[in-house]
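**Student:** Sending over a structure as structure tokens; questions will come in a sec.
The values are calculated or read from the model by the stated rules, or taken from the named source; none is laboratory data. Source: prediction; values computed, not measured. A quick note on method: Cβ atoms are made from the backbone with ideal geometry, for glycine too, and the neighbour counts reach across all protein chains shown. All accessible areas refer to the heavy atoms of the entire protein, side chains included, with ligands and DNA or RNA removed. Shrake-Rupley method; radii C 1.70, N 1.55, O 1.52, S 1.80 Å.
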Amino acid sequence: MFFGNSIAGLVFLSRLANTTKDIFGKDEATSAAIVAINGGFNLGGRLFFSTISDRLGRKNAFFVMLASQVVILGSLSIIMEKRVYWAFLLVIWILTSCYGGGFGCIPAFLCDVFGPSNIGALHGIILTAWSLAGVGGGLLFTEIYNNLPANGYTTKDPYMYSVNLH
């Protein structure tokens, strides 16, 4: 569950500046500002979802986050193909909030399910899933991304980024 939550945040969002420049034609300063604002949504997601999970329950909060991510990742390629910048920012910032929310909720979730005496070891396992998502997902994304120019795609083509969402 956390692996799925992390892979979108680590892989796709790591290319956010490139995406805003290549697909939406924004300059370096605008792309840097978008990435900075995105970091604020990561923080906001950690605070928002950890607070909401106290009221909804941890599993329900994770369900909301994962369901949101599935819908966003399913619609992101369409938004990018149509080059709707405001919709792109909206869904990316929600996606980032969910990614941050996963980090904000996971310690309490582990404590609720497995008890406080097991949280240290389990959190280590969860962080291993996070690192596998970053390394494995990053390698896969880069391999696909680097092979697409041989098939006639350019960095200005939304398919270069959205192919990894399928």
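**Student:** Just tell me which lysines come within less than 21 Å, Cα to Cα, of residue 26; anything on the same chain fewer than 8 places away is out.
**Tutor:** Counting by Cα, and skipping residues close in sequence, residue 26 has these lysines nearby: 82, 156.
**Student:** Let me ask something else. When the accessible area of the chain is split by element with a 1.4 Å probe, what percent falls to carbon and sulfur?
**Tutor:** Values: 5640 of 8370 Å².
Accessible surface attributable to carbon and sulfur in the chain totals 67 percent.
**Student:** Can I ask one more? If packing is taken as the mean number of other Cβ atoms within 10 Å per residue, what is the order of 76-86, 43-53, highest first? All intermediate terms of the calculation are to be shown ahead of the outcome.
**Tutor:** On the way: 76-86: 15.4, 43-53: 18.3.
The peptides rank, most packed first, as 43-53, 76-86.
**Student:** Here's a follow-up. Packing-wise, with mean Cβ within 10 Å as the measure, how do 18-24, 92-98, 140-146 rank, highest first? Could the numbers behind the result be given before it?
**Tutor:** Values: 18-24: 19.3, 92-98: 22.3, 140-146: 13.6.
In descending order of packing, they fall as 92-98, 18-24, 140-146.
**Student:** How would segment 34-129 be classified by its alpha-carbon gyration tensor: rounded, prolate or oblate, with rounded meaning a/c under 1.5 and the a/b versus b/c comparison settling the rest?
**Tutor:** prolate
**Student:** In square nanometres, what is one fourth of the surface area of the convex hull spanned by the alpha carbons of segment 102-166?
**Tutor:** Numbers: hull surface 22.4 nm².
Orientation-averaged projected area of the Cα hull: 5.6 nm².
**Student:** If you don't mind, another one. For residue 21, list the aspartates and glutamates whose Cα falls under 13 Å from its own Cα; do not include residues on the same chain fewer than 8 positions away.
**Tutor:** 157
**Student:** What number comes out for the charge environment of residue 157, summing +1 per Lys or Arg and -1 per Asp or Glu over other residues with Cβ under 10 Å away? Could the numbers behind the result be given before it?
**Tutor:** Working: positive: 156; negative: 22, 81.
Summing Lys/Arg as +1 and Asp/Glu as -1 gives -1.
**Student:** Give the peptides 59-65, 120-126 in descending order of average Cβ contacts within 10 Å, highest first. Don't skip to the answer; put the middle values down first.
**Tutor:** Values: 59-65: 18.6, 120-126: 13.3.
Highest mean packing first, the order is 59-65, 120-126.
**Student:** Going by the alpha-carbon gyration tensor, a ≥ b ≥ c the square roots of its eigenvalues, is the chain rounded (a/c under 1.5) or, if a/c is not under 1.5, prolate (a/b greater than b/c) versus oblate? Intermediate values should be presented prior to the final figure.
**Tutor:** Values: a/c = 2.37, a/b = 1.75, b/c = 1.36.
Taking the square roots of the gyration eigenvalues as a ≥ b ≥ c, the chain is prolate.
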